[in-house]
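Here's the structure we're looking at; comments come further down.
The values are calculated or read from the model by the stated rules, or taken from the named source; none is laboratory data. All of these numbers come straight from a predicted model, not from anything done at the bench. In this analysis, Cβ positions are derived from the backbone assuming ideal geometry, glycine residues included, and neighbour counts consider all displayed protein chains. All accessible areas refer to the heavy atoms of the entire protein, side chains included, with ligands and DNA or RNA removed. Shrake-Rupley method; radii C 1.70, N 1.55, O 1.52, S 1.80 Å.
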Amino acid sequence: DGRKVTVIMSDLNVLKQINDNLGHSAGDAAISAVAESLKEACPKGALCARFGGDEMLAFILGDCDVNLIKTMIYEILKDKSNLLGFTVSPSIGFYETTMHESLDLDKVISIADSIMYEEKRIYKKNKK
């Protein structure tokens, strides 16, 4: 119908290291922190869900400021990291398009996922 659609994909960085060094309960807490930060940062009415493993998805219909959402996620996770006693860091990708009858949501999600994984590659490269 011509409205803007934004899909955000978020993935927890270094989950294996968290699990291996701090235990699976810490990994679960980190996954929850990423999920909560995405939900808190997205506008009301956004559909936020666990997409699989440590990946989260947000589907936002209408206008939004994705850069503000990303900034809010990082700020929320900084606070949650302080509470947990270890760093919780996500990679985030997003894709914006327009809602129309033939919109292929799987393709939109795939594009956002690819952008997220590019951010993850950059994160890993900078950590070496």
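Name every residue in segment 81-102 that is open to solvent by less than 40 Å² (accessible area, probe 1.4 Å) and either farther than 24 Å from Val14 by Cβ or not aromatic (Phe, Trp, Tyr) (or both), in order of residue number.
Step one: list which residues in segment 81-102 are open to solvent by less than 40 Å² (accessible area, probe 1.4 Å), which gives 81, 86, 88-93, 97.
Ser81, Val88, Ser89, Pro90, Ser91, Ile92, Gly93, Thr97 - these are the residues of segment 81-102 that are open to solvent by less than 40 Å² (accessible area, probe 1.4 Å) and either farther than 24 Å from Val14 by Cβ or not aromatic (Phe, Trp, Tyr) (or both).
Could you grab me the full set of residues in segment 1-23 that are in contact (Cβ under 8 Å) with a residue 24 or more places away in the chain, of a type in the set (Asp, Glu) and open to solvent by 20 Å² or more (accessible area, probe 1.4 Å)?
Asp1
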Of (1) of a type in the set (Gly, Ala, Ser); (2) free of Cβ contacts under 8 Å to residues at least 40 places away in the same chain; (3) open to solvent by less than 40 Å² (accessible area, probe 1.4 Å), Ala30 satisfies all except one. Which? (2)
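Residue by residue, here is whether (1) over 12 Å from the mean Cα position of the chain (by Cα); (2) over 18 Å from Met116 (Cβ atoms); (3) crowded, with 20+ Cβ neighbours inside 10 Å holds:
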position: Ser25; (1), (2), (3): yes, yes, no
position: Lys39; (1), (2), (3): no, no, no
position: Phe51; (1), (2), (3): no, no, no
position: Ile69; (1), (2), (3): no, no, yes
position: Ile76; (1), (2), (3): yes, no, no
